[in-house]
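Notes follow the structure.
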Amino acid sequence: MSRIGKMPVSIPAGVTVDVKGDNVVHVKGPKGELTQQMHKDMLIAVEEGAVVVKRPSEDKMHKSLHGLTRTLIHNMVEGVEKGFSKELEVNGVGYRAAKQGKQLVMNLGYSHQVIMDEIPGITIDVPAPNKIIISGPNKQMVGQFAAEVREKRPPEPYKGKGIKYSTEVVRRKEGKAGGKKK
């Protein structure tokens, strides 16, 4: 039995979970609402204030889908209740970020400004010129958008300049060895 899959997902107060035909799970809460199609073979039921996921057989595919389905539903419930966020840091002389309307405008050492539009379901916050906070109810969308922002100038190992996650540790390298000294 899957250790993760057999645990029920408790439904907190203020959150509603509906499972419709074809395993379409709809979760609604204070931070928004999410809908996702789960695999058709999984058995999903809402029982006594919790969501229970069961598998129809002991097939390898059903075993692998069991824990995945439970985790996806748990992330949906947690997302509409508390939300998810990723914090990014901008390091480098002259590197900075600002929010203008619904756009994230970044100066990253290029000859032009890098501009990214806020997508629906994602909120961008820039509390300081070197800090970007991306938040929303969908864990996958928050992580993907944060990765796309980081991709605009990933941290480099020699001076540490670039955009990095606040929890990320950039392994620094030593520069070129000096020439012969006489």
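Tally the residues that are closer than 19 Å to PRO155 by Cβ, out of contact with any Asp or Glu (no Cβ under 9 Å at 6 or more places or on another chain), part of a strand (DSSP E or B) and not basic (Lys, Arg), restricting the search to region 94-130.
The number of residues fulfilling the criteria is 6.
Number of residues in region 90-108 that are within 16 Å of LYS161 (Cα to Cα), open to solvent by less than 60 Å² (accessible area, probe 1.4 Å) and touching a residue at least 24 places away in the same chain (Cβ under 8 Å): the value is 7.
For first residues located in region 40-55 and free of Cβ contacts under 8 Å to residues at least 24 places away in the same chain, partners that are assigned to a strand (DSSP E or B) and not hydrophobic (A, V, I, L, M, F, W, C) and lie 6+ apart or on another chain with Cβ distances below 7 Å form the pairs LEU43/LYS54. Does LYS164 satisfy the criteria of being assigned to a strand (DSSP E or B), of a type outside the set (A, V, I, L, M) and over 27 Å from ILE73 (Cα atoms)? Spelling it out, LYS164 is indeed assigned to a strand (DSSP E or B), of a type outside the set (A, V, I, L, M) and over 27 Å from ILE73 (Cα atoms). Taking the numbered list (1) farther than 30 Å from LYS131 by Cα; (2) touching an Asp or Glu at 6+ places or on another chain (Cβ under 9 Å); (3) part of a strand (DSSP E or B) in turn, GLU89 passes all entries but (1).
Restricting region 1-18 to residues that are among the polar types (S, T, N, Q) and either open to solvent by 100 Å² or more (accessible area, probe 1.4 Å) or modelled with pLDDT of 90 or more (or both), which is farthest from GLU78 (Cα to Cα)? Write out each step before concluding.
Taking region 1-18 as the starting set, the residues that turn out to be among the polar types (S, T, N, Q) are 2, 10, 16.
Narrowing the set further to residues that are either open to solvent by 100 Å² or more (accessible area, probe 1.4 Å) or modelled with pLDDT of 90 or more (or both) leaves 10, 16.
Values: SER10: 10, THR16: 12 Å.
So, considering only residues that are among the polar types (S, T, N, Q) and either open to solvent by 100 Å² or more (accessible area, probe 1.4 Å) or modelled with pLDDT of 90 or more (or both), the one farthest from GLU78 (Cα to Cα) is THR16.
Only residues that are β-branched (Val, Ile, Thr), touching a strand residue (DSSP E or B) at 6+ places or on another chain (Cβ under 9 Å) and open to solvent by 70 Å² or more (accessible area, probe 1.4 Å) were counted across region 148-175, and they come to 1. Of the residues making up region 19-29, those that are open to solvent by 30 Å² or more (accessible area, probe 1.4 Å), within 21 Å of the chain's Cα centre (by Cα) and over 7 Å from VAL80 (Cβ atoms) number 1.
Apart from one condition, LYS40 fits all of (1) closer than 30 Å to LYS131 by Cα; (2) open to solvent by 70 Å² or more (accessible area, probe 1.4 Å); (3) touching an Asp or Glu at 6+ places or on another chain (Cβ under 8 Å); the exception is (1).
The values are calculated or read from the model by the stated rules, or taken from the named source; none is laboratory data. Fair warning: this is a prediction, and the values are worked out from it, not measured in the lab. So basically every Cβ, Gly included, is an ideal-geometry build from the backbone, and we count neighbours across all protein chains shown. When the accessible area is computed, the model is the full protein with side chains, heavy atoms only, and any ligands, DNA or RNA have been set aside. Shrake-Rupley method; radii C 1.70, N 1.55, O 1.52, S 1.80 Å.
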